[in-house]
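Encoded as structure tokens, the structure appears first; notes follow it.
The values are calculated or read from the model by the stated rules, or taken from the named source; none is laboratory data. This structure is a prediction, so every number in the text was calculated from the model and none was measured. Ideal geometry is used to build each Cβ from the backbone, glycine not excepted, and the neighbour counts take in all protein chains shown. In case anyone asks, the SASA skips ligands and DNA or RNA and just uses the protein heavy atoms, side chains included. Shrake-Rupley method; radii C 1.70, N 1.55, O 1.52, S 1.80 Å.
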Amino acid sequence: MAGSEPGLRETRRAYHGWPLLTVLFDNAEMSLAKTDREIARRHLELGGRADLSAAVLAEYDLTRRLVLTVTGHDRLLANRHVLSRAVSLRDPYVDALSYMQLRALAALREADPAPPDEEQDRLERLLLLTVNGVAAGLQNTG
């Protein structure tokens, strides 16, 4: 999407002139800023579908690039300093929970499918706690 394309000019004009489109792009930008691509990649790897993982990550990259192009920002949340700071302060804690979540998921996938034992119960509880912790840290549930 080159800067001289008529579609880009119109989209930028709409972004700045239509409150609904502004909110849509701003919410997408916020979600992208809260996403850690490396953690997402590791979650996707658990599915064992390299083709699907590559497609999802390519769409993330494309969406990020297009949002920045339309908003005219050089980085995500460039115009929302308080939110940008809050996200950067939360990131280390959310990332730690995300990595614990990845370990719990991997361990549960490797667990014996026999009736659950104490270790499996502990892993399932850890998984649920990390899901709640990440959602609380990101301040959304999506």
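The residues of the stretch 114-131 that are loosely packed, with under 14 Cβ neighbours inside 10 Å and either of a type in the set (Gly, Ala, Ser) or part of a helix (DSSP H, G or I) (or both), listed by number, are Ala114, Glu118, Glu119, Asp121, Arg122, Arg125, Leu128.
Looking for whichever is among the hydrophobic types (A, V, I, L, M, F, W, C), surrounded by fewer than 12 Cβ atoms within 10 Å (Cβ to Cβ) and at pLDDT below 95 here; the options are Leu89, Leu62, Leu52. Which one fits?
Numbers: Leu62 fails: at pLDDT below 95; Leu52 fails: at pLDDT below 95.
Of the residues listed, the single one that is among the hydrophobic types (A, V, I, L, M, F, W, C), surrounded by fewer than 12 Cβ atoms within 10 Å (Cβ to Cβ) and at pLDDT below 95 is Leu89.
Can we say Ala111 is surrounded by 13 or more Cβ atoms within 10 Å (Cβ to Cβ), more than 30 Å from Trp18 (Cα to Cα) and among the aliphatic types (A, V, I, L, M)? When the stated conditions are applied, Ala111 passes them.
For beta carbons closer than 9 Å, sequence separation of 6+ or different chains, a first residue in the stretch 70-88 that is more than 16 Å from Gln139 (Cα to Cα) and a second that is assigned to a loop (DSSP other than H, G, I, E, B) and of a type in the set (A, V, I, L, M, F, W, C), the qualifying pairs are Val70/Met1; Thr71/Ala78; Gly72/Ala78.
Of Leu68, Leu20, Leu8, all but one fail to be open to solvent by 80 Å² or more (accessible area, probe 1.4 Å) and out of contact with any helix residue (DSSP H, G or I) (no Cβ under 6 Å at 6 or more places or on another chain); the exception is Leu20. The residues of the stretch 34-49 that are of a type in the set (Gly, Ala, Ser) and modelled with pLDDT under 95, listed by number, are Gly47, Gly48. When each of Gln120, Gln101 is tested for being touching a residue at least 12 places away in the same chain (Cβ under 8 Å) and closer than 23 Å to Leu32 by Cβ, the lone residue that passes is Gln101.
Filter the stretch 23-45 down to residues that are of a type in the set (Val, Ile, Thr) and either within 30 Å of Ala104 (Cβ to Cβ) or open to solvent by less than 40 Å² (accessible area, probe 1.4 Å) (or both), then give me how many there are.
Our first condition is that a residue be of a type in the set (Val, Ile, Thr); within the stretch 23-45, this holds for 23, 35, 39.
Cutting the leftovers down to either within 30 Å of Ala104 (Cβ to Cβ) or open to solvent by less than 40 Å² (accessible area, probe 1.4 Å) (or both) gives us 35, 39.
Adding up the residues that qualify gives 2.
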